[in-house]
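In what follows, a single structure is set out as structure tokens and then discussed.
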Amino acid sequence: MTQKPSNAFVGASWVALGTGVVGYLIGLWRADMPLNEKGYYFTVLMFGLFAVVSLQKSVRDKLEGIQVTEIYYGLCWFGTLLSIALLIIGLWNASLLPSEKGFYAFAFLLGLFGAITVQKNTRDLLNSRKE
């Protein structure tokens with residue numbers, strides 16, 4: 001039995017996702033860095049979002065007894081950790097102010113958290129309608 005998430009939690013999840021992703025993208029848009037560097041940070045964000053949604057889905061599938069291959073499950077974890085590592089490496093070597101580095105790090109993590117919770121809520125809402 002899956003409990004339907006509250007409207008407040010669903011709304012807070014979407015706000016977290018939107019705030020993290022939109023804030024990160026506005027920061028990139030306004031940043032004074034070469035286009036290839038902006039492309040790197042954009043790609044890391046998209047890779048991270050995909051990785052955490054895939055990870056959340058595969059973890060949930062395993063909990064519900066749906067078969068998930070170990071290689072896919074491992075790749076989801078690897079992709080999630082790799083996206084975070086790539087952001088850390090990029091920020092460590094960037095010629096940005098420490099406050100800018102912190103902004104990108106926190107916006108990235110907020111976006112990842114929001115993506116996980118939106119995926120969870122979407123699945124919980126679908127399951128609650130089936131019952």
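Okay, here's what the table says:
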| item | result |
| --- | --- |
| Failed criterion for Leu35 (all others in (1) over 25 Å from Val10 (Cβ atoms); (2) without any contact (Cβ under 8 Å) to a residue 24 or more places away in the chain; (3) crowded, with 18+ Cβ neighbours inside 10 Å hold) | (3) |
| Residue that is farthest from Arg123 (Cα to Cα) [pool: residues in region 22-75 that are part of a helix (DSSP H, G or I) and of a type in the set (S, T, N, Q)] | Asn36 |
| Complete set of residues in region 21-58 that are more than 22 Å from Phe78 (Cα to Cα), among the small types (Gly, Ala, Ser) and either at pLDDT 95 or above or in contact with a Leu (Cβ under 7 Å, 6 or more places away or on another chain) (or both) | Gly23 |
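The values are calculated or read from the model by the stated rules, or taken from the named source; none is laboratory data. All figures in this text were calculated on a predicted structure; none of them were measured in a lab. Cβ atoms come from the backbone with ideal geometry, glycine included; neighbour counts cover every protein chain shown.
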